[in-house]
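Peer 1: Submitted below is the structure of interest, expressed as structure tokens.
The values are calculated or read from the model by the stated rules, or taken from the named source; none is laboratory data. Please read these numbers as outputs of a predicted model, since none were measured by experiment. As a convention, Cβ positions derive from the backbone with ideal geometry for all residues, glycine included, and neighbour counts pool all protein chains shown.
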Amino acid sequence: MDIALYLLRVTYKEVISVDITIEQLEDVIMVTLPGEYLDASTVKNFKSDISPVIDGSGNHVVFDMSQLQFIDSSGLGAILSCLRKLNGAGGDLKLCSMTKPVRALFELVRMHRIMDIYNSREEAVSAFK
Amino acid sequence: MNVEKTLEISSSFNDLPRVRRFLHEFCHTYTGDGFDEDHMAQLELAVNEATANIIEHAYHGEEGHSIQVVAQADDAQVAIELVHTGEAFTPDSVPPPSFDGSRSNGFGVYLIANCMDDVQYLQNEQGKNCIYMIKLYPKQES
């Protein structure tokens, strides 16, 4: 399988320096969400960085969330927004490799019923076939 | 044991990680076996959301204002008081969340209410607006 690897390097303004990793796996775009947290302090940069992958595209996208240890309502809202934009353009978003605290938040607000969540990257990619 | 610690932050979203670290260390140090990791995560999430609401709604996103995070622990509970000088924030002013994914906002107040055992939006004795939250230790099974 041909794997084209793109690295979009992003430096956040505050305390940490992180990379969003975007990989093209055949017709699926795999995005590894950066950093330990996606909250109101990082969500603005996240939206900006993810925009080329999401806006106006009918892409099949997977968010690998294995690095995220904390997400708040603003981060959740940003991910929901990505789902709506992709669906609106004929694409779709799947999530994978959630840590326990992040999974707990999704269950608390019942978003595990709205979004497709998989245990591994492989399962999420296969779900698009 | 009764203990109280205070953290003062600026009304900047960039200070949210500081608030979470402060609470994490406070709970680890002073609550003993009172909370497990899941309960601490709920407390951190609720206080994170309440602080973000103060920045966004009470201070309208304007930086440079003060927010005091007062944490108190005793044998039964942890109480958190967020004191600010911005506009009084009332949860009724925020529309309820949509659980069908059609809206991205409105989850903050819902999360606060569901992660804490008691939440009050009030004025303290000094006349400052505050959000007062309590989380009880879970009952230990004998």
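Peer 1: Which ones in the stretch B:59-88 are in contact with a Gly (Cβ under 9 Å, 6 or more places away or on another chain), of a type in the set (Gly, Ala, Ser) and modelled with pLDDT of 95 or more? Even if it seems obvious, please write down each step before you answer.
Peer 2: Pass one, the stretch B:59-88, residues in contact with a Gly (Cβ under 9 Å, 6 or more places away or on another chain): B:59-60, B:62, B:65, B:67, B:73, B:75-78.
Next cut, of a type in the set (Gly, Ala, Ser) only: B:73, B:76.
B:Ala73, the sole residue that qualifies.
Peer 1: Ok, one more. Does A:Ala78 satisfy being among the aliphatic types (A, V, I, L, M) and touching a strand residue (DSSP E or B) at 6+ places or on another chain (Cβ under 9 Å)?
Peer 2: The answer is yes for A:Ala78.
Condition check ((1) within 20 Å of B:Ala46 (Cβ to Cβ); (2) modelled with pLDDT under 95; (3) among the acidic types (Asp, Glu)) across all residues:
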site: A:Ile22; (1), (2), (3): no, yes, no
site: A:Glu26; (1), (2), (3): no, yes, yes
site: A:Ile29; (1), (2), (3): no, no, no
site: A:Gly35; (1), (2), (3): no, yes, no
site: A:Leu38; (1), (2), (3): yes, no, no
site: A:Asp49; (1), (2), (3): no, yes, yes
site: A:Ser57; (1), (2), (3): no, yes, no
site: A:Ser66; (1), (2), (3): no, no, no
site: A:Leu83; (1), (2), (3): no, no, no
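Peer 1: While we're on this one: Could you check how many residues of the stretch A:69-127 are part of a helix (DSSP H, G or I), closer than 16 Å to B:Phe99 by Cβ, within 10 Å of chain B (Cβ to nearest Cβ) and not small (Gly, Ala, Ser)?
Peer 2: Summing the residues that are part of a helix (DSSP H, G or I), closer than 16 Å to B:Phe99 by Cβ, within 10 Å of chain B (Cβ to nearest Cβ) and not small (Gly, Ala, Ser) in the stretch A:69-127 gives 9.
Peer 1: Among the residues of the stretch B:88-139, write down those that are loosely packed, with under 15 Cβ neighbours inside 10 Å, touching a strand residue (DSSP E or B) at 6+ places or on another chain (Cβ under 9 Å) and polar (S, T, N, Q).
Peer 2: Those that are loosely packed, with under 15 Cβ neighbours inside 10 Å, touching a strand residue (DSSP E or B) at 6+ places or on another chain (Cβ under 9 Å) and polar (S, T, N, Q): B:Thr90, B:Gln120, B:Gln123, B:Asn124, B:Gln126.
Peer 1: Can you name the residue in the stretch B:26-72 that is over 15 Å from the mean Cα position of the chain (by Cα) and among the acidic types (Asp, Glu) and, of all such residues, is surrounded by the fewest Cβ atoms within 10 Å (Cβ to Cβ)?
Peer 2: Filtering first and then ranking leaves B:Asp33.
Peer 1: For the stretch B:83-101, does any single residue satisfy the condition of being in contact with an Asp or Glu (Cβ under 8 Å, 6 or more places away or on another chain) and not acidic (Asp, Glu)? So that I can check it myself, show each step before the final result.
Peer 2: So in the stretch B:83-101, the residues in contact with an Asp or Glu (Cβ under 8 Å, 6 or more places away or on another chain) come out as none.
There is no residue in the stretch B:83-101 that is in contact with an Asp or Glu (Cβ under 8 Å, 6 or more places away or on another chain) and not acidic (Asp, Glu).
Peer 1: Would you check which residues across the stretch B:23-44 are within 14 Å of another protein chain (Cβ to nearest Cβ) and among the aromatic types (Phe, Trp, Tyr) and list them?
Peer 2: B:Phe35
Peer 1: Any residue in the stretch B:47-58 that is of a type in the set (Asp, Glu) and over 17 Å from B:Asn129 (Cα atoms)?
Peer 2: No: the stretch B:47-58 contains no residue that is of a type in the set (Asp, Glu) and over 17 Å from B:Asn129 (Cα atoms).
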